[in-house]
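Participant: So that we are looking at the same thing, I have put the structure below in structure tokens.
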Amino acid sequence: MASEKITSSSSKPIAMLKVLNPFHIWALGVGIVLVGEFMGWNFTVGKGGAYASLIACWVIGLLYTCVAMIDSEVTSTVAAAGGQYTQAKHIIGPLMAFNVGLYLVMAYTMLCAADALVVGDLMKSGAEVMGYTNLDTKPFVVLTVAFLAWLNYRGVFATLTLNLVITFLAFASLIVLFLSVDPLSQGVVLQHQALLTDLPYGWIGVVASLQFGMWYYLGIEGTCQAAEEVRSAGRSIPLGTMGGMMTLLVAATITWFVATGLMPWQYLGQAVTPMYDAATLLGSSQLQLMLFVATAFAAIASANGCINDASRAWFSLGRDRYMPVFFGAIHPKYRTPYRSVLFLVPIAISFAFTGLLDQVITFSILSGLLGYTFMTFNMIKFRKMWPLGTIHRGYIHPFHPIPAITLLTLCCATYFATFLGYGASLLSIMAFYILASIWFVLRRYKYVKRADQFTMPWPRPKGY
Amino acid sequence: MKFWDILVYTAWSISAVMLVWMVVDAFMISSQYDEEYLMSSREGGEDDVVHGIHLEEGKE
């Protein structure tokens, strides 16, 4: 071992490795989301019936298409870890940036906890099928988080290559399930004519279903967290994000189509693992096994992507001193934000040990929704400060400002839907972020070195 | 001891090994490298992407 510590004066500044390509970006985005196709989306059916679920699938699909377009344009310009946090810092201001950073960390850490809980529950279900009851799920929850954190600690390439493989397999299982129900022959396997009913709770049920409609796509915006580790971010981020969005629209639609053609809405609306149930109804043990494994893969891929994204967001907050600068360190060998990865492990496990899956997920969804609301104002201001032609964009989204206005409108509708079902949670989460903002303004912002946080070689914004 | 009991102990053990490995490695890195170096990264640093190009000025 060297007698003296290696210092910055003897080496170049440390940086994360640029080793990712558009497929990794696709795997990061779709990997986080795809578990929502295997479970959770079906609560839209419980809120408003099968048709309400389809409307939510496409309306929320429109919301996320706006998110993906806006994110792709801004990220192709702000190619730095932290994603929307970094965008907010450069375009809106420090308080917004702090809040967005916190939304990201909370959303992904909670989602990771929920995914680990799902893996534990799947292990318990598997044990019960094999005749062993009362399996303790905790060791498998901890193992999921520990293994994925270890992988994230040791390098982003292996982490997201694993995500690419298991996400592709999980998506392929949905396609196999779709083909196995003979989709072109109504009445043979699928029974849509008998099972599809009118809206059981009217249009208010459709509005209420919007909240759970987010399960179809929640997390696709996480692609931009990899901006600092991807080769040619201006090309790869838009390609991976938009490709991921198209994959999810297809996956969501075929998921709805298969499940609603096999199960009545009253059952489907409260099922825990609807796609596994669909395979069970088809009477094929191979399909059952495939869907069981695919559900586990989807949950693991989601947790893996969440650890990746939450750690990058926390790292960026640390690097800019919005949080203790200790967390802004990069591992000299693996080139990962290793302290941030490690710090979030006990937090994710603590959330998972509460066992409150629905509350954890609601907090995650609302944090995500707050982030999407920010994007609308961010986009409008971005185009005003740096109009087209003043700064190079890897992707320019069409019809501005229609996507931003559409996004804001749909976010408002989803807030209302959340208020209908989880009003107390909505208000308590709002209160949490308001208190955090007060803490930041009064106690934390004085540590931020204001000039140091703007290192992008951008031209001066218009009007400044 | 049943298979599932062994699996539970194995899961706890592997989790503990991986968590301890990460903590030990993090301490070793802190002891070998200067903090200033570990925290010397800059956003957008060494970037080969397009965001640094100023169209207005026609230069990087």
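Participant: Filter region A:298-321 down to residues that are surrounded by fewer than 24 Cβ atoms within 10 Å (Cβ to Cβ) and part of a helix (DSSP H, G or I), then give me how many there are. Quick ask: steps written out before the conclusion?
Facilitator: Taking region A:298-321 as the starting set, the residues that turn out to be surrounded by fewer than 24 Cβ atoms within 10 Å (Cβ to Cβ) are A:318, A:321.
Retained after the next criterion (residues that are part of a helix (DSSP H, G or I)): A:318.
So the answer is 1.
Participant: Restricting the search to region A:34-93, which residues are among the β-branched types (Val, Ile, Thr) and either closer than 23 Å to A:Met275 by Cα or more than 14 Å from chain B (Cβ to nearest Cβ) (or both)?
Facilitator: As a first pass, look at region A:34-93 and keep what is among the β-branched types (Val, Ile, Thr): A:35, A:44-45, A:55, A:59-60, A:65, A:67, A:70, A:74-75, A:77-78, A:86, A:91-92.
Passing the criteria: A:Val35, A:Thr44, A:Val45, A:Ile55, A:Val59, A:Ile60, A:Thr65, A:Val67, A:Ile70, A:Ile92.
Participant: Now for a different question. Looking at (1) part of a helix (DSSP H, G or I); (2) farther than 17 Å from A:Leu102 by Cα; (3) hydroxyl-bearing (Ser, Thr, Tyr), can you tell me which one A:Tyr395 breaks?
Facilitator: The one condition A:Tyr395 does not meet is (1).
Participant: In region A:132-174, which residue that is hydroxyl-bearing (Ser, Thr, Tyr) and assigned to a helix (DSSP H, G or I) is nearest to the chain's Cα centre (by Cα)?
Facilitator: Our first condition is that a residue be hydroxyl-bearing (Ser, Thr, Tyr); within region A:132-174, this holds for A:132-133, A:137, A:144, A:153, A:159, A:161, A:167, A:173.
Checking which are assigned to a helix (DSSP H, G or I) leaves us with A:144, A:153, A:159, A:161, A:167, A:173.
Details: A:Thr144: 18, A:Tyr153: 20, A:Thr159: 16, A:Thr161: 18, A:Thr167: 14, A:Ser173: 21 Å.
Residue satisfying both the conditions and the ranking: A:Thr167.
Participant: Give region A:152-162 a look and list any residue that's touching a Ser or Thr at 6+ places or on another chain (Cβ under 9 Å) and surrounded by 22 or more Cβ atoms within 10 Å (Cβ to Cβ), or say none.
Facilitator: Looking only at region A:152-162, we keep the residues that are touching a Ser or Thr at 6+ places or on another chain (Cβ under 9 Å), and these are A:152-156, A:159.
Hits for region A:152-162 are A:Asn152, A:Tyr153, A:Val156, A:Thr159.
Participant: Could you check region A:16-66 for helices (runs of 4 or more DSSP H) lying wholly inside it with 3 or more residues that are more than 17 Å from the chain's Cα centre (by Cα), buried (at least 24 other Cβ atoms within 10 Å of the Cβ) and of a type in the set (Ser, Thr, Tyr)?
Facilitator: Details: elements: A:22-33, A:35-38, A:43-48.
Of the helices (runs of 4 or more DSSP H) lying wholly inside region A:16-66, none has at least 3 residues that are more than 17 Å from the chain's Cα centre (by Cα), buried (at least 24 other Cβ atoms within 10 Å of the Cβ) and of a type in the set (Ser, Thr, Tyr).
Participant: Continuing with this model, one more query. Which residue out of A:Gly368, A:Gly318 is modelled with pLDDT under 95 and either touching an Asp or Glu at 6+ places or on another chain (Cβ under 6 Å) or not polar (S, T, N, Q) (or both)? It would help to see each step written out before you state the result.
Facilitator: Working: A:Gly318 fails: modelled with pLDDT under 95.
The unique qualifying residue is A:Gly368.
Participant: I'd like to verify a number: residues in region A:372-409 that are among the polar types (S, T, N, Q) and either touching a strand residue (DSSP E or B) at 6+ places or on another chain (Cβ under 9 Å) or closer than 20 Å to A:Ala227 by Cα (or both), how many? Walk me through how you get there before you give the answer.
Facilitator: Applying the first criterion (among the polar types (S, T, N, Q)) to region A:372-409 yields A:373, A:376, A:378, A:390, A:406, A:409.
In the following step, the residues that additionally are either touching a strand residue (DSSP E or B) at 6+ places or on another chain (Cβ under 9 Å) or closer than 20 Å to A:Ala227 by Cα (or both) were identified as A:378, A:390.
Counting residues in region A:372-409 that are among the polar types (S, T, N, Q) and either touching a strand residue (DSSP E or B) at 6+ places or on another chain (Cβ under 9 Å) or closer than 20 Å to A:Ala227 by Cα (or both) gives 2.
Participant: Now for a different question. Within region A:251-265, is there a residue that is over 26 Å from A:Leu17 (Cα atoms) and not in a helix (DSSP H, G or I)?
Facilitator: Within region A:251-265, the subset over 26 Å from A:Leu17 (Cα atoms) is A:251-265.
Filter again for not in a helix (DSSP H, G or I), leaving A:263-264.
Yes, region A:251-265 has at least one match.
Participant: While we're on this one: Would you point out which residue out of A:Ala279, A:Ala233 is within 14 Å of chain B (Cβ to nearest Cβ) and out of contact with any Ser or Thr (no Cβ under 6 Å at 6 or more places or on another chain)?
Facilitator: On the way: A:Ala279 fails: within 14 Å of chain B (Cβ to nearest Cβ).
From the options A:Ala279, A:Ala233, the qualifying one is A:Ala233.
Participant: If you don't mind, another one. Of everything in region A:431-454, what is aliphatic (A, V, I, L, M), in contact (Cβ under 8 Å) with a residue 12 or more places away in the chain and not in a helix (DSSP H, G or I)? Give them in sequence order.
Facilitator: At the first step, the residues of region A:431-454 found to be aliphatic (A, V, I, L, M) are A:431, A:434-436, A:438, A:441-442, A:448, A:451.
Filter once more, keeping what is in contact (Cβ under 8 Å) with a residue 12 or more places away in the chain: A:436, A:441, A:448.
Passing the criteria: only A:Val448.
Participant: Okay, next question. Collect the residues in region A:88-108 that are hydrophobic (A, V, I, L, M, F, W, C) and not in a helix (DSSP H, G or I), keeping them in residue-number order.
Facilitator: Step one: filter region A:88-108 for residues hydrophobic (A, V, I, L, M, F, W, C), giving A:88, A:91-92, A:95-98, A:100, A:102, A:104-107.
Selection gives A:Ile92 alone.
Participant: A follow-up question, please. For region A:106-125, state whether one or more residues are of a type in the set (S, T, N, Q) and either buried (at least 24 other Cβ atoms within 10 Å of the Cβ) or touching an Asp or Glu at 6+ places or on another chain (Cβ under 6 Å) (or both). So that I can check it myself, show each step before the final result.
Facilitator: The first filter runs over region A:106-125 and keeps only residues of a type in the set (S, T, N, Q), leaving A:109, A:125.
From what is left, the residues that are either buried (at least 24 other Cβ atoms within 10 Å of the Cβ) or touching an Asp or Glu at 6+ places or on another chain (Cβ under 6 Å) (or both) are A:109.
Looking for residues that are of a type in the set (S, T, N, Q) and either buried (at least 24 other Cβ atoms within 10 Å of the Cβ) or touching an Asp or Glu at 6+ places or on another chain (Cβ under 6 Å) (or both), one finds at least one in region A:106-125, hence yes.
Participant: Go through (1) closer than 24 Å to A:Phe374 by Cβ; (2) within 14 Å of chain B (Cβ to nearest Cβ) and name the single condition A:Lys18 misses.
Facilitator: (1)
Participant: Filter region A:377-418 down to residues that are touching a Leu at 6+ places or on another chain (Cβ under 8 Å) and without any contact (Cβ under 8 Å) to a residue 60 or more places away in the chain and give me whichever is surrounded by the fewest Cβ atoms within 10 Å (Cβ to Cβ).
Facilitator: A:Gly389
Participant: Related question: Could you grab me the full set of residues in region B:24-38 that are of a type in the set (Phe, Trp, Tyr), surrounded by 12 or more Cβ atoms within 10 Å (Cβ to Cβ) and assigned to a helix (DSSP H, G or I)? So that I can check it myself, show each step before the final result.
Facilitator: Filtering region B:24-38 for residues of a type in the set (Phe, Trp, Tyr) gives B:27, B:33, B:37.
Subsequent filtering for residues that are surrounded by 12 or more Cβ atoms within 10 Å (Cβ to Cβ) retains B:33, B:37.
Correct list: B:Tyr37 only.
Participant: Which members of region A:322-344 meet the condition of being assigned to a loop (DSSP other than H, G, I, E, B) and within 7 Å of chain B (Cβ to nearest Cβ)? Reasoning before the result, please.
Facilitator: Applying the first criterion (assigned to a loop (DSSP other than H, G, I, E, B)) to region A:322-344 yields A:322-324, A:329-337.
Once the filter is applied, which keeps residues that are assigned to a loop (DSSP other than H, G, I, E, B) and within 7 Å of chain B (Cβ to nearest Cβ), region A:322-344 yields A:Ala329, A:Ile330, A:His331, A:Pro332.
Participant: Exactly one of (1) modelled with pLDDT of 95 or more; (2) loosely packed, with under 15 Cβ neighbours inside 10 Å; (3) in contact with a His (Cβ under 7 Å, 6 or more places away or on another chain) is unmet by A:Trp203. Its number?
Facilitator: Only one criterion in (1) modelled with pLDDT of 95 or more; (2) loosely packed, with under 15 Cβ neighbours inside 10 Å; (3) in contact with a His (Cβ under 7 Å, 6 or more places away or on another chain) is unmet by A:Trp203, namely (3).
The values are calculated or read from the model by the stated rules, or taken from the named source; none is laboratory data. The shown structure was predicted, so the numbers you read here are calculated from the model rather than taken from an experiment. Virtual Cβ from ideal backbone geometry, glycine too; neighbours counted across all protein chains shown.
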